[in-house]
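To keep things clear, I will list the structure first and then write my remarks on it.
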Amino acid sequence: MKKTYLLSVFTLLMISCVTRVYAGWPIGKYRHIFTPSFTYYTSKNQWDRQGKKVDGGSGTRFNAYSIGLFGGVGLSRRLDLLASINLTSQSSRIGSDKLPATTGLGDATLGLSYNLAHWKYKRFLSVQGTVIAPLYTVKNTGNTFGYGVLGAEGKLMYSGQLVGMSYINLEGGFRRYFDEKGPNQIVYSLTVGSPLDSRKKNQLSVDVGGVSSKSANETITPVNPNLVYDGYYIKGSLNYGHKFTNKVSLFGSVFTTLAGRNAAQGSGFVIFGIYKF
């Protein structure tokens with residue numbers, strides 16, 4: 001049962017880390033962005049249904065490594081086409097029982113982002129619609145890479161200058177997986193950052209975000225032990241970025257889950273580059 005929470009939260013963390021790269025800023029007409037990433041996530045503890053932290057016990061551990069690719073194309077000054085895919089390797093141990101490691105493709109996403117309004121091109125209000133498609137089959141072994149069904153997400157984003165050179169990105173949305181038991185999810189995040197020098201070569205940011213998931217099914221079955229339908233988590237992260245040129249940047253992020261219910265208590269890091277052309 002512990003592995004249930006670990007797999008699902010890792011999948012959601014992966015999606016949020018990769019897609020937040022572009023935030024609500026339009027890419028620009030005929031411009032492109034490409035972002036490769038590497039993510040490591042580990043967990044052994046969890047929060048139960050009452051939100052109480054439960055120790056996973058001696059020997060219990062879940063580890064996941066993932067390589068992700070995200071790309072965006074500016075179709076016009078307001079409309080962007082976005083896509084992502086990832087390859088994940090995961091392993092888990094519950095006490096003295098070690099389950100076989102598995103490697104495979106996770107969920108792919110394809111979406112459109114449209115800028116509704118801007119204020120002197122310093123602040124932007126955008127909407128985004130995304131389709132989530134599994135590139136794997138859910139098996140009875142329990143080692144899977146997500147919910148295993150089609151999903152869709154709609155999101156509203158506000159991004160831009162905050163005070164001086166600092167910036168803000170605020171997102172809120174609704175995610176639905178097309179199964180009779182869902183789940184239905186509310187997703188949200190707040191990011192605040194600032195350059196560390198006048199040339200904006202280095203920047204530091206912090207963000208807090210999470211997922212609240214609801215479903216008619218509040219139980220976890222051995223058949224699909226990675227599916228967490230009813231619960232929530234809140235995640236915090238610290239991010240640092242360096243811009244080598246106007247086209248190439250490298251970022252690093254460390255994150256941990258701060259609170260939850262029916263959720264894993266885990267942490268990890270992400271390294272990703274941004275190439276604009």
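The values are calculated or read from the model by the stated rules, or taken from the named source; none is laboratory data. Quantities reported herein were computed from a predicted structural model and do not represent experimental measurements. Cβ sites come from the backbone with ideal geometry, for glycine too, and all protein chains shown count toward neighbours.
Go over the candidates 152, 117 one by one and state the one that is free of Cβ contacts under 8 Å to residues at least 40 places away in the same chain and within 15 Å of the chain's Cα centre (by Cα). Break it down stepwise before answering.
On the way: 117 fails: within 15 Å of the chain's Cα centre (by Cα).
So the residue among 152, 117 that is free of Cβ contacts under 8 Å to residues at least 40 places away in the same chain and within 15 Å of the chain's Cα centre (by Cα) is 152.
Condition first: assigned to a strand (DSSP E or B), surrounded by fewer than 19 Cβ atoms within 10 Å (Cβ to Cβ) and in contact (Cβ under 8 Å) with a residue 24 or more places away in the chain. Now tell me which residues in segment 62-88 satisfy that.
65, 67, 69, 71, 73, 74, 79, 81, 83, 85
If the Cβ limit is 7 Å and pairs must be 6+ apart or interchain, which residue in segment 159-179 that is among the hydroxyl-bearing types (Ser, Thr, Tyr) pairs with which residue that is assigned to a loop (DSSP other than H, G, I, E, B)?
159/23; 159/24; 159/25; 177/147; 177/149; 177/183
Going residue by residue through segment 158-181, is there one that turns out to be at negative phi and touching a helix residue (DSSP H, G or I) at 6+ places or on another chain (Cβ under 7 Å)? Show your work before the answer.
Step one: filter segment 158-181 for residues at negative phi, giving 158-159, 161-163, 165-181.
Of the ones still in play, those that are also touching a helix residue (DSSP H, G or I) at 6+ places or on another chain (Cβ under 7 Å) are none.
Scanning segment 158-181, I find no residue that is at negative phi and touching a helix residue (DSSP H, G or I) at 6+ places or on another chain (Cβ under 7 Å), so the answer is no.
Looking at the structure I just gave you, is residue 106 touching a residue at least 60 places away in the same chain (Cβ under 8 Å), touching a strand residue (DSSP E or B) at 6+ places or on another chain (Cβ under 7 Å) and not polar (S, T, N, Q)? First the steps, then the outcome.
On the way: touching a residue at least 60 places away in the same chain (Cβ under 8 Å): yes; touching a strand residue (DSSP E or B) at 6+ places or on another chain (Cβ under 7 Å): yes; not polar (S, T, N, Q): yes.
For residue 106, the condition - touching a residue at least 60 places away in the same chain (Cβ under 8 Å), touching a strand residue (DSSP E or B) at 6+ places or on another chain (Cβ under 7 Å) and not polar (S, T, N, Q) - is met.
Residue by residue through segment 238-269, note down the ones that are more than 16 Å from the chain's Cα centre (by Cα) and more than 22 Å from residue 48 (Cβ to Cβ).
Across segment 238-269, the qualifying residues are 240, 241, 242, 243, 244, 245, 246, 247, 248, 249, 250.
Restricting to segment 48-61, name every residue that is in a loop (DSSP other than H, G, I, E, B) and touching a strand residue (DSSP E or B) at 6+ places or on another chain (Cβ under 7 Å). Before the answer, list the steps.
If we filter segment 48-61 for residues that are in a loop (DSSP other than H, G, I, E, B), which is where we start, we get 48-52, 55-60.
Scanning segment 48-61 gives 48, 49, 51, 55, 56, 59, 60.
I'm checking my understanding of the structure. Among residues of segment 191-215 that are polar (S, T, N, Q) and assigned to a strand (DSSP E or B), which one is surrounded by the fewest Cβ atoms within 10 Å (Cβ to Cβ)? Show your work before the answer.
Applying the first criterion (polar (S, T, N, Q)) to segment 191-215 yields 191, 194, 198, 202-203, 205, 212-213, 215.
Subset that is assigned to a strand (DSSP E or B): 191, 194, 202-203, 205, 212-213.
Details: 191: 19, 194: 14, 202: 12, 203: 20, 205: 21, 212: 16, 213: 23.
Among them, the one singled out is 202.
Just checking, which of 116, 99 is touching a strand residue (DSSP E or B) at 6+ places or on another chain (Cβ under 9 Å) and modelled with pLDDT under 90? Talk me through it step by step, then tell me what you get.
Values: 116 fails: modelled with pLDDT under 90.
Only one candidate passes the filter, namely 99.
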